[in-house]
Amino acid sequence: MEEIQKYVDMAPDLMMIYGTKVLMALVIFVVGRWVAKWLANVSRKVMTARNLDVTVVSFVGNIVYALLLTFVVVAALSQVGIQTASLVAIIGAAGLAVGLALQGSLSNFAAGVLLVIFKPCRVGDFVEAAGVAGVVDEITIFSTKIRTGDNKMITVANAAVMGGTITNYSVMPTRRIDMVVGVSYDADIKQTKEILSKILDNHPKVLKDPAYTIGLAELADSSVNFVFRPWVNTADYWAVKFELNEQIKNELDAAGIGIPYPQMDLHVQSLPQQN
């Protein structure tokens, strides 16, 4: 009975001491959680203002909130008197283990964030990356979906996209068509250049600025090769290239200028007969 009475007498003091600590811990948890939510929302607004992908904004916002909330919980437990050093060590070890297990995924996630921030390619761009050429259909937090010209959807890991060379054919408003036109050695050089120039001057989609280039580039084995380099709007590239190939063939044929194909002349020399 004396022992019980002793604890009963100590109850007010214990409640005063630990009750205050518990109350402070609750205050830290409630206020800290509100601050964590506020900071997470601020980070989301900042990323949204920079036109980052919605998926990335949500994912990063959740990570920020989780990290801040973990810090708040540790601070609240410490206020109560619980030794948090071991808890922090356990959380750190668990985080390290998870990080090592998800190393590839985290690498893809980091690459995805870089893709969205630096924007080497955007949805709708025609790119060549990681050995794949096509239109970027979607950029997610872990992978990039590319739609090829024959309508295949290829999913490429973001780390593979960022880890290699990205050739973006859509980012510039204009592109140059590089072609080589070969004519026979019998063709008149001046006449050939005039025909090629006329084709470009009359084509409605060939740009006047920058100016096109036509020049004799090479005296090849079977042909005289001209470089043929007009500038066009990026959206018109393939259509104009196909049209120019057809017009060049028709115009040169009409002018009687031959377009040679590789050939080899063989000279057979008879050997003297042996008796």
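The values are calculated or read from the model by the stated rules, or taken from the named source; none is laboratory data. Not measured: the values here are computed from a predicted model. Virtual Cβ from ideal backbone geometry, glycine too; neighbours counted across all protein chains shown.
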Sort out which residues of the stretch 165-202 are under 20 Å from residue 120 (Cα atoms), among the β-branched types (Val, Ile, Thr) and in a loop (DSSP other than H, G, I, E, B), and write them in order of number. 165, 166, 171
Extreme residue, modelled with the highest pLDDT, among residues of the stretch 138-152 that are among the aliphatic types (A, V, I, L, M) and part of a strand (DSSP E or B): 146
Within the stretch 223-268, of all residues that are among the acidic types (Asp, Glu) and without any contact (Cβ under 8 Å) to a residue 12 or more places away in the chain, the one nearest to residue 183 (Cα to Cα) is 253
Matching residues, the stretch 225-247, being touching a strand residue (DSSP E or B) at 6+ places or on another chain (Cβ under 6 Å) and in a helix (DSSP H, G or I): 234, 237, 240
For the stretch 176-222, enumerate the residues that are under 13 Å from residue 255 (Cβ atoms), free of Cβ contacts under 8 Å to residues at least 40 places away in the same chain, of a type in the set (Lys, Arg) and surrounded by 12 or more Cβ atoms within 10 Å (Cβ to Cβ). 193
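Residues 161, 156, 135: which one is touching a Leu at 6+ places or on another chain (Cβ under 9 Å), outside the structural domain of residue 235 (by TED's automatic domain parsing) and either outside any loop (DSSP other than H, G, I, E, B) or in contact (Cβ under 8 Å) with a residue 24 or more places away in the chain (or both)?
Details: 156 fails: touching a Leu at 6+ places or on another chain (Cβ under 9 Å); 135 fails: touching a Leu at 6+ places or on another chain (Cβ under 9 Å).
Unique residue meeting the criteria: 161.
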Taking residue 222, is it part of a loop (DSSP other than H, G, I, E, B) and either touching a Pro at 6+ places or on another chain (Cβ under 8 Å) or aromatic (Phe, Trp, Tyr) (or both)? yes
When residue 131 is evaluated against the numbered criteria (1) surrounded by 17 or more Cβ atoms within 10 Å (Cβ to Cβ); (2) modelled with pLDDT under 95, which criterion, by number, is the only one it fails? (1)
